[in-house]
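Reviewing the structure listed below.
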Amino acid sequence: MHPKTIPAKARAVIIGGGVSGCSVAYHLAKLGWTDIVLLERKQLTSGTTWHAAGLIGQLRGSQNMTRLAKYSADLYVKLEAETDVGTGMRQVGSITVALTEERKHEIYRQASLARAFDVDVREISPDEVKE
């Protein structure tokens, strides 16, 4: 946006076009706000957000943080359909490996917690990993 096109006033002015700034602008727009200005000195998501690995582990330390992570993962999938812009989002899952019995029990405890928080999780055997 050229500086001459920036409005003199807006209901919301968001500084920074990273994931947080873009999320705030998106959610305000979904609430019906139309006078939003998002200021970014370069290109959207070109700063710290661009350097992030993009992994979205959904199990967090609390149920609320887990809900937020799940919401984010679901939103990234829906954004492609909503905007017709490819996000590059791929849901590929992950594998956590236990090298000791103690670690195995810890992973099983985390899996139980994940299920309680409605996160899709499944224990697999070493043979299933090879497949």
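Among 15-28, 74-87, what's the highest-first ranking by average C-beta atoms within 10 angstrom per residue? Don't jump to the answer; show the numbers that get you there.
Numbers: 15-28: 15.6, 74-87: 11.4.
For the peptides 15-28, 74-87, the packing ranking is 15-28, 74-87.
Which one of Ala98, Thr48, Ala10 has its Cα pushed farthest toward the positive end of the charge dipole of the chain, where Lys and Arg give +1 and Asp and Glu give -1 at the Cβ?
Ala10
Using the Cα atoms as the points, what is the convex hull volume per residue of the range 50-104 in Å³?
Working: hull volume 6.3 nm³, N = 55.
Value for the range 50-104: 114 Å³ per residue.
Filter the chain for me: DSSP H helices, axial length by Cα at least 15 angstrom, mean Kyte-Doolittle hydropathy not below -0.5. List them by residue number. Walk me through the intermediate numbers first.
Details: long enough: 19-30 (16 Å, 0.66); 63-83 (29 Å, -0.56); 101-116 (23 Å, -1.44).
Qualifying helices, which must be both long enough and hydrophobic enough, are 19-30.
Using the C-alpha gyration tensor of the range 38-78, what are the square roots of 5 times its eigenvalues, in whole angstrom, with the largest one first?
25, 11, 10
Straight-line reach only, C-alpha to C-alpha below 18 angstrom: list the lysines that Lys42 could link to, leaving out same-chain residues fewer than 8 apart.
List returned: Lys4.
Which value, in nm² and rounded to one decimal, describes the direction-averaged projected area of the C-alpha convex hull of the chain?
11.0
Given the options Arg103, Arg90, Arg115, which has the most mean-square fluctuation in a GNM of the chain, springs set between C-alpha atoms less than 10 angstrom apart?
Arg103
About the Cα centre of the chain, what is the dipole size in debye to 20, counting +1 per Lys and Arg Cβ and -1 per Asp and Glu Cβ, all else neutral?
Using Cβ point charges on Lys, Arg, Asp and Glu, the chain gives about 680 debye.
Scattering from the C-alpha atoms of the range 1-52 alone, worked out with Debye: what is log10 I(q)/I(0) at q = 0.14, 0.17, 0.21 1/Å?
The calculated log intensity ratios at q = 0.14, 0.17, 0.21 Å⁻¹ are -0.36, -0.52, -0.76.
Each reported figure results from applying straightforward, stated rules to the coordinates on display, with no laboratory input. Note that the structure is a prediction, hence the values are computed from the model and not measured. Here Cβ is always computed from backbone atoms with ideal geometry, including for glycine, and neighbour counts include all displayed protein chains.
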